[in-house]
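Q: Submitted below is the structure of interest, expressed as structure tokens.
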Amino acid sequence: MADDFLLSEFAPRAAPEPRVFSVTELTREVRTTLEQGIGNVWVEGEISNYRKQSSGHQYFTLKDATSQLTCVLFARAGLWRKQVVLADGMQVQVRGAVTVYEARGQYQLNVQVVQAAGAGLLQAKFDALKRKLAAEGLFDAERKRELPAFPATVALVTSPSGAALRDMLNILTRRAPWLRVIVSPVRVQGAGAAGEIARAIAELNRWESNGLPRADVIIVSRGGGSIEDLWEFNEEAVARAIFASEIPVVSAVGHEIDFTIADFVADLRAPTPSAAAELVVPDSADLGRRLAQWMIRIQREAAGFVDRERRRLAHRAAGVLVRQPRARLDAAAQSIDLASERLQRSASEQLRTATSRLGNAAARLRQHRPDQELKLCRERAATLRARLIEALPRRLDRLAQRLTRGAELLRLLSPEATLARGYSITRLADGRVMKSVRDAAPGSSLVTRVLDGEVSSTVSAEPPLS
């Protein structure tokens, strides 16, 4: 008997039946595990096999040296933020949710945000330096100087082999043939370029002390490119060199949509190098037309004046030919000389006045350019957006607290809470709540509700004991 017990106690038991998944069930288990275990992540890699469907959805593979990841960017994601234009071979950083495409049983990344690799770090560095220099007053409008209306010498700090230099030289020589142009060659891209640019600006400010011609305006420029290509103009050394320059500085970096730290510090920001060349010198053809108009007016006034004086002289000479003709003629000749001098002084003064008015008008036009006003509007919009983003979570938190307090108050005032404190509710047979002993006739049925149930009773016919 004991042996039978031991055999039954230690005999091997039958293994439980294993759970058998369907393919769909297993795929969904994997999907749930990935979505809950990993969720949203940032991934960096190179784009390959890129394709865009007519629906607007974009499909591509993100790969590195040893692995690859299938990605999809649905069209609706692009409605919320500006996306990078994708292409094979691009090195990007993407943010999205790891999930499983059940139809094929493959895991993928549903992309929500795309940015060029390193762009996020560079943008953060840009914003930090911008805040720092703005706090120090390097961007203040009060310190920015007007450019001279008729510069005699312009210095160009740029690459000697770039297209920007050729464009500026063509425009400067065409608009102002008298202009002296100084080219200070520097690298505009790559490690160490920022130091070369800063040194070139400082050296141009020392030229006059070395017996060399002093520039009236400095243009710091380069052609367009990515944020990495233009980064040397976002370095603090370049910003401080521009700020320290005694010569007005024009920043002309990239295209019209590109903004660098140098643009904010410079006395004037030009959208392109070509535009900078047009802004710093007047158009000689236009000046020639204006001077020709003034010369015509001067000649007309001079001819009229000489004609009037000639007639007056003839009138006087007719009456005094017999009385001191030589003295009268000498006096008339002297009067003509004096009038000629006054005319020349008047013409010179009018020309100076016109030139001054032209320079003032050009300065006012530069101060009220649309791109500067648009920049201020964009900055104000960004500030308002940041304030809205900060205020919304606080508002939601206050509403959640009010809802919690209301729920707690409702719980305290509920019938269940009253019963929990030891009270009861008695109802008559017709369901009415008994509020007075007069409501219950002798022999009537009552139902009393307490916290954990109900008690039935009958009103006694006996009068209550006194």
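Q: Which of the lysines could be linked to LYS130 by a straight reach, that is with a Cα gap under 18 Å, when you skip same-chain ones fewer than 8 residues away?
A: Reachable lysines: LYS144, LYS375.
Q: Something else now. Setting aside same-chain residues fewer than 8 positions from LYS63, which lysines have a Cα under 28 Å from its Cα?
A: The reachable lysines, counting only those whose Cα sits under 28 Å from LYS63, are LYS52, LYS82, LYS125.
Q: Taking the Cα-to-Cβ direction at THR448 and at ASP330 and moving 7 Å from each Cα, how far apart do the two end points lie in nm?
A: Between THR448 and ASP330, the label points sit 14.8 nm apart.
Q: Quick one, can you get me the convex hull of the C-alpha atoms of the range 23-115 expressed as volume per residue in Å³?
A: 107
Q: Let me ask you something else. Full extension from GLN36 to ARG310: what is 0.36 nm times the residue separation minus their Cα-Cα distance, to one decimal in nm?
A: 88.1 nm
Q: Would you mind calculating the gained length between LEU169 and GLN299 on full extension (0.36 nm times residue separation, minus the Cα-Cα distance), in nm to one decimal?
A: Contour length minus Cα-Cα distance gives 43.2 nm.
Q: Report, as a whole number in µm² per second, the diffusion coefficient that Stokes-Einstein gives for the range 122-282 at 25 °C and 0.890 mPa s using the Kirkwood radius over alpha carbon pairs.
A: 158
Q: What ³J(HN,Hα) values, in whole Hz, does the Karplus curve 6.51 cos²θ - 1.76 cosθ + 1.60 give for the range 196-205 when θ = phi - 60°, with x put for Gly and Pro?
A: 5, 5, 4, 5, 4, 5, 5, 5, 4, 6
Q: Next question, about the same structure. What FRET efficiency would be calculated for the residue pair THR426, ARG394, taking the C-beta separation as r and a Förster radius of 45 Å, to the nearest 0.05?
A: E between THR426 and ARG394, to the nearest 0.05, is 0.35.
Q: If r is the Cβ-Cβ distance from SER67 to THR24 and R0 is 22 Å, what FRET efficiency results, to the nearest 0.05?
A: 0.25
Q: Lys and Arg at +1, Asp and Glu at -1: add these up for the other residues within a Cβ distance under 13 Å of VAL72 and post the number.
A: +4
Q: Could you give the length gained on full extension between TYR107 and ASP371, defined as 0.36 nm per residue of separation minus the Cα-Cα distance, in nm?
A: So the extension gain works out to 90.3 nm.
Q: In addition: Can you give me the distance in nm between label points at TYR59 and GLU379, each placed 7 Å from the Cα along the Cα-to-Cβ direction?
A: With each label point 7 Å from Cα toward Cβ, the separation is 4.7 nm.
Q: Which FRET efficiency value, to the nearest 0.05, is calculated for GLU17 and VAL459 with the Förster distance at 56 angstrom and r the Cβ-Cβ distance?
A: My answer for the efficiency is 0.35.
Q: Using only the Cα atoms of the chain, construct the convex hull and provide its projected area averaged over every direction, in square nanometres to one decimal.
A: Projected over every direction and averaged, the Cα hull of the chain covers 63.6 nm².
Q: Pull up the DSSP beta bridges for the chain and report the antiparallel fraction as a percent, rounded to 5.
A: 65
No value in this document is a laboratory result; all are computed from the given coordinates. Fair warning: this is a prediction, and the values are worked out from it, not measured in the lab. Please note: Cβ atoms are built from the backbone with ideal geometry, for glycine as well, and neighbour counts cover all protein chains shown.
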